[in-house]
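Undergrad: Sharing a structure with you now.
The values are calculated or read from the model by the stated rules, or taken from the named source; none is laboratory data. Please read all numbers here as calculations on a predicted model, not as lab measurements. We place every Cβ from the backbone using ideal geometry, glycine too, and count neighbours over all the protein chains shown.
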Amino acid sequence: MDFIKKINRPIFPFTAIIGQEEMKLALLLNVIDPKIGGVMIMGDRGTGKSTTIRAIADLLPQILVVEDDPFNSHPSNFELMSNEVKEGIENGQNLKKKYINVPMVDLPLGATEDRVCGTIDIEKALTEGIKSFEPGLLAKANRGILYVDEVNLLDDHLVDILLDSAASGWNTVEREGISIRHPARFVLVGSGNPEEGELRPQLLDRFGMHAEIKTVKDPFLRVQIVEQRSKFDQDPYSCLNEYRIEQNKLKNRILSAQEKLPSIAIDYALRVKISEICSELDVDGLRGDIVTNRAAKALAAYNNKEIVEIEDILLVIKLCLRHRLRKDPLDIIDSGSKVDKVVKEILT
C-alpha cells in the first residue's frame with residue numbers, strides 16, 4: 001500500500017484551498033447531485049481552477065464497479081451499467097466487483113470526436129460479424145468528473161456532444177449502420193479565461209452553474225496562499241497528513257448529503273419565488289428554475305437540513321442564473337449584480 005502511495009502523484013487537499021468559495025461551493029453541490037448539470041468556472045489565469053477541480057475528484061469516496069468493464073458499470077443500478085453487464089446479470093453470471101477512485105478525465109483541446117465518443121471497428125464488424133467498440137473519454141468518465149480546461153477554445157460541436165451526454169447520461173455512437181449506446185453520467189466541469197473569448201450563450205446556458213473567480217487582492221491572503229502552496233510542494237505527504245482529518249470529515253459530509261438528498265423538500269411558496277425571479281430576469285426556458293431548485297436542495301442536504309430555507313436559495317441562485325441572462329452590450333451593470341438586485345426585491 002505504501003508503494004502505491006509513493007507512485008501516485010500527490011494532489012493538493014481540497015480543504016487546504018484558501019478562498020474561492022464560489023467555485024468550491026459549485027463543485028461540492030455538483031458532486032452531491034450530478035443532475036445539476038455541471039459547472040463552468042471562468043476567471044483569471046493562476047487562480048487555482050485546475051488545482052481545485054483535481055482536489056475535489058481526489059476527495060470523493062470510492063465507487064463500486066464491475067471489474068474489467070470499460071464503462072465503470074454499477075453492479076446493480078441498471079441506469080449506470082452497460083448493455084453487456086445488463087445481459088450478464090440477466091443470464092445469471094457472477095460478476096466480479098471492485099472499488100475504484102472516482103474517475104477524473106482531462107479532455108485535451110486537440111481531442112477528435114472519435115477520441116471523445118469512442119469508435120466502432122468497421123473492419124471487424126464486416127469480416128467477423130462482431131460489434132467491436134473502442135471506448136472513448138466519455139466511457140472513461142462515466143460516474144466521475146470530465147474536466148475541460150479552456151472550454152471556450154474547444155470546437156463548438158465537441159462542446160455540444162459533451163453537453164448532450166452530460167444532460168442525457170448516455171452516449172450513442174452510430175456508424176455504417178452499427179449503433180452502440182453506453183452510460184455516460186459525469187459531472188462536466190469547464191474552465192476558461194474570459195479574455196480568451198466567451199462561450200456561445202446557447203452553450204453556456206447548458207451548464208448548470210457558473211462560478212466567477214477573481215485574483216485575490218488582499219496581500220496577507222496572497223502570502224498565505226503562496227506559503228500554503230510552497231509547503232505542499234516541499235513536502236506533499238506531511239501536508240496531506242495535516243489535512244487528513246478535515247478531508248475525511250468533508251468526505252463523510254458529502255456521502256451523508258448524497259444519501260439525504262432524495263428526502264429534501266422545498267416549500268411551494270419558495271418554488272414560486274424562484275420562478276418569479278427567473279421570470280423577472282427574463283431567463284429563457286425553464287433550466288434556470290430547475291437548476292436553482294436542485295442546487296438549493298443539494299445545499300440543504302449538505303447542511304444536514306430537512307427542508308430548503310431562503311438562505312439556501314440566496315447562496316446558490318446567482319451561481320445558477322448569472323450566465324442565463326441576455327447580454328446587453330449597453331448594460332453598465334454585470335449579470336451577477338442584476339441577479340442580486342432582483343433577488344433582493346423578491347426574496348428579502
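Undergrad: Which ones in the stretch 202-228 are touching a helix residue (DSSP H, G or I) at 6+ places or on another chain (Cβ under 8 Å) and either within 30 Å of D160 (Cβ to Cβ) or among the small types (G, A, S) (or both)? Walk me through it before giving the result.
TA: Kept after step one, since they are touching a helix residue (DSSP H, G or I) at 6+ places or on another chain (Cβ under 8 Å), are these residues of the stretch 202-228: 203-213, 216, 228.
Hits for the stretch 202-228 are L203, L204, D205, R206, F207, G208, M209, H210, A211, E212, I213.
Undergrad: Scan the stretch 72-123 residue by residue and report those that are of a type in the set (D, E, K, R) and in a loop (DSSP other than H, G, I, E, B).
TA: At the first step, the residues of the stretch 72-123 found to be of a type in the set (D, E, K, R) are 79, 84, 86-87, 90, 96-98, 106, 113-115, 121, 123.
Matches in the stretch 72-123: K96, D121.
Undergrad: Considering (1) surrounded by 12 or more Cβ atoms within 10 Å (Cβ to Cβ); (2) not in a helix (DSSP H, G or I), say which one Q247 fails and leave the rest.
TA: All conditions are met except number (2).
Undergrad: Being surrounded by 21 or more Cβ atoms within 10 Å (Cβ to Cβ) and charged (D, E, K, R) narrows it down to one of R143, R115, so name that one.
TA: Numbers: R115 fails: surrounded by 21 or more Cβ atoms within 10 Å (Cβ to Cβ).
The conditions single out R143.
Undergrad: When you check L138 against the structure, is it in a helix (DSSP H, G or I), under 19 Å from P70 (Cα atoms) and either touching a residue at least 40 places away in the same chain (Cβ under 8 Å) or among the aliphatic types (A, V, I, L, M) (or both), yes or no? Reasoning before the result, please.
TA: On the way: in a helix (DSSP H, G or I): yes; under 19 Å from P70 (Cα atoms): yes; either touching a residue at least 40 places away in the same chain (Cβ under 8 Å) or among the aliphatic types (A, V, I, L, M) (or both): yes.
The answer is yes for L138.
Undergrad: Can you confirm whether P262 is exposed (fewer than 11 other Cβ atoms within 10 Å of the Cβ) and over 20 Å from Q62 (Cα atoms)? Before you say what the answer is, go through the steps one by one.
TA: Values: exposed (fewer than 11 other Cβ atoms within 10 Å of the Cβ): yes; over 20 Å from Q62 (Cα atoms): yes.
It is true that P262 is exposed (fewer than 11 other Cβ atoms within 10 Å of the Cβ) and over 20 Å from Q62 (Cα atoms).
Undergrad: Also, I was wondering about something else. Tell me which residues, restricted to the stretch 49-83, are farther than 30 Å from I11 by Cα and buried (at least 16 other Cβ atoms within 10 Å of the Cβ).
TA: Across the stretch 49-83, the qualifying residue is only S82.
Undergrad: While we're here: Got a number for residues in the stretch 182-226 being under 30 Å from N293 (Cα atoms) and of a type in the set (D, E, K, R)?
TA: Adding up the residues that qualify gives 7.
One line per residue, one yes/no per condition, for (1) part of a helix (DSSP H, G or I); (2) aromatic (F, W, Y):
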{"position": "F207", "(1), (2)": "no, yes"}
{"position": "V216", "(1), (2)": "no, no"}
{"position": "F220", "(1), (2)": "yes, yes"}
{"position": "N241", "(1), (2)": "yes, no"}
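So that you can scan it fast, the table gives a plain yes or no per residue for (1) under 23 Å from L153 (Cα atoms); (2) in contact with a Pro (Cβ under 6 Å, 6 or more places away or on another chain); (3) modelled with pLDDT under 80:
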| position | (1), (2), (3) |
| --- | --- |
| F3 | no, no, yes |
| R9 | no, no, yes |
| A16 | no, no, no |
| M23 | yes, no, no |
| V31 | no, no, no |
| K35 | no, no, no |
| M40 | yes, no, no |
| G43 | yes, no, no |
| G48 | yes, no, yes |
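Undergrad: When you scan the stretch 223-236, do you find a residue that is touching a Gly at 6+ places or on another chain (Cβ under 8 Å), touching a residue at least 40 places away in the same chain (Cβ under 8 Å), surrounded by fewer than 21 Cβ atoms within 10 Å (Cβ to Cβ) and not in a helix (DSSP H, G or I), even just one?
TA: Going through the stretch 223-236, the residues touching a Gly at 6+ places or on another chain (Cβ under 8 Å) turn out to be 225.
Within this subset, residues satisfying the condition of being touching a residue at least 40 places away in the same chain (Cβ under 8 Å) are 225.
Add one more test, that the residue is surrounded by fewer than 21 Cβ atoms within 10 Å (Cβ to Cβ), and what stays is 225.
Of the ones still in play, those that are also not in a helix (DSSP H, G or I) are none.
Within the stretch 223-236 (the criterion being touching a Gly at 6+ places or on another chain (Cβ under 8 Å), touching a residue at least 40 places away in the same chain (Cβ under 8 Å), surrounded by fewer than 21 Cβ atoms within 10 Å (Cβ to Cβ) and not in a helix (DSSP H, G or I)), the answer is no, since none of the residues qualifies.
Undergrad: What are the residue pairs meeting all of these: first residue in the stretch 105-116, first residue within 12 Å of H157 (Cβ to Cβ), second residue part of a helix (DSSP H, G or I), Cβ atoms under 6 Å, and 6 or more apart or on different chains?
TA: That search, which allows pairs on different chains as well, returns V116/L137.
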